[in-house]
1. Mind telling me which of the residues A37, A54, A31 ends up being within 20 Å of V116 (Cβ to Cβ), small (G, A, S) and not in a helix (DSSP H, G or I)?
2. Looking at segment 57-88, which of the residues that are out of contact with any Lys or Arg (no Cβ under 8 Å at 6 or more places or on another chain), in contact (Cβ under 8 Å) with a residue 60 or more places away in the chain and part of a strand (DSSP E or B) is farthest from I109 (Cα to Cα)?
3. Tell me which of these T91 doesn't satisfy, since it passes every other one: (1) among the hydroxyl-bearing types (S, T, Y); (2) surrounded by fewer than 16 Cβ atoms within 10 Å (Cβ to Cβ); (3) closer than 24 Å to V10 by Cβ.
4. Cβ-Cβ below 6 Å, separation at least six or inter-chain, first residue in segment 102-120 and part of a loop (DSSP other than H, G, I, E, B), second among the polar types (S, T, N, Q): which pairs?
5. The conditions are (1) loosely packed, with under 15 Cβ neighbours inside 10 Å; (2) at pLDDT 95 or above, and F63 fails exactly one of them. Which is it?
6. (1) surrounded by fewer than 16 Cβ atoms within 10 Å (Cβ to Cβ); (2) under 15 Å from R117 (Cβ atoms); (3) among the small types (G, A, S); (4) under 15 Å from the mean Cα position of the chain (by Cα): which one isn't true of G83, the others all being true?
Amino acid sequence: MAADPMEQNVEKVLAVPGRIVAAWQQNDGEAFADVFAENATLVLPGTFLAGRQAIRSFMTEAFSGPFKGTRVTGDPVDVRALGADAAVLTTRGGVIPPGATELPEENAIHATWVLVRSAGDWLIAAYQNTPAVTARS
């Protein structure tokens, strides 16, 4: 029976959200973008970004504006191998406002991360999130 291609990589794959959290904690758009592949895409509600440079510019500006003083969290929900050098990770988390100690439920998101291994490093090839809670009328 063949070994699971993700078995030896799962820890490194699961560490990717932590790299994003650390960059966010420092409000560091450069470090944030460095977790993405050069040709990555980032999809947020109302926003589509293509390429590491676009992601870097967007996050650098956001850390100086609407995301200043915020924190982010993302806990793994599921991870699946797409081969030895690719994986899909699903997380639940969101943006914690300045001064808050917990994630407000209305800020909760589910995120899908497509990760690729490049030169031994796991990077985000595509990221998309959506609200975890639907509005009730």
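The values are calculated or read from the model by the stated rules, or taken from the named source; none is laboratory data. Everything numeric here is computed off the predicted structure, so don't read it as measured data. Using ideal geometry, Cβ is built from the backbone for each residue, glycine included, and neighbour counts are taken over all protein chains shown.
1. Only one candidate qualifies: A37.
2. Among residues in segment 57-88 that are out of contact with any Lys or Arg (no Cβ under 8 Å at 6 or more places or on another chain), in contact (Cβ under 8 Å) with a residue 60 or more places away in the chain and part of a strand (DSSP E or B), the one farthest from I109 (Cα to Cα) is A81.
3. (2) is the only condition that T91 fails.
4. What qualifies is L103/T73.
5. Looking at each condition in turn, F63 falls short on (1).
6. (4) is the only condition that G83 fails.
Rundown of residues vs (1) out of contact with any Gly (no Cβ under 6 Å at 6 or more places or on another chain); (2) modelled with pLDDT of 95 or more; (3) within 18 Å of D75 (Cβ to Cβ); (4) among the β-branched types (V, I, T), yes/no style:
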site: V16; (1), (2), (3), (4): yes, yes, yes, yes
site: Q25; (1), (2), (3), (4): yes, yes, yes, no
site: G29; (1), (2), (3), (4): yes, yes, no, no
site: V35; (1), (2), (3), (4): yes, yes, yes, yes
site: T41; (1), (2), (3), (4): yes, yes, no, yes
site: F48; (1), (2), (3), (4): yes, yes, no, no
site: S57; (1), (2), (3), (4): yes, yes, no, no
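One line per residue, one yes/no per condition, for (1) polar (S, T, N, Q); (2) touching a strand residue (DSSP E or B) at 6+ places or on another chain (Cβ under 8 Å); (3) closer than 15 Å to G94 by Cα:
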{"position": "V35", "(1), (2), (3)": "no, yes, no"}
{"position": "N39", "(1), (2), (3)": "yes, yes, no"}
{"position": "F48", "(1), (2), (3)": "no, yes, no"}
{"position": "Q53", "(1), (2), (3)": "yes, no, no"}
{"position": "S64", "(1), (2), (3)": "yes, no, no"}
{"position": "T70", "(1), (2), (3)": "yes, yes, yes"}
{"position": "G74", "(1), (2), (3)": "no, yes, yes"}
{"position": "V77", "(1), (2), (3)": "no, yes, yes"}
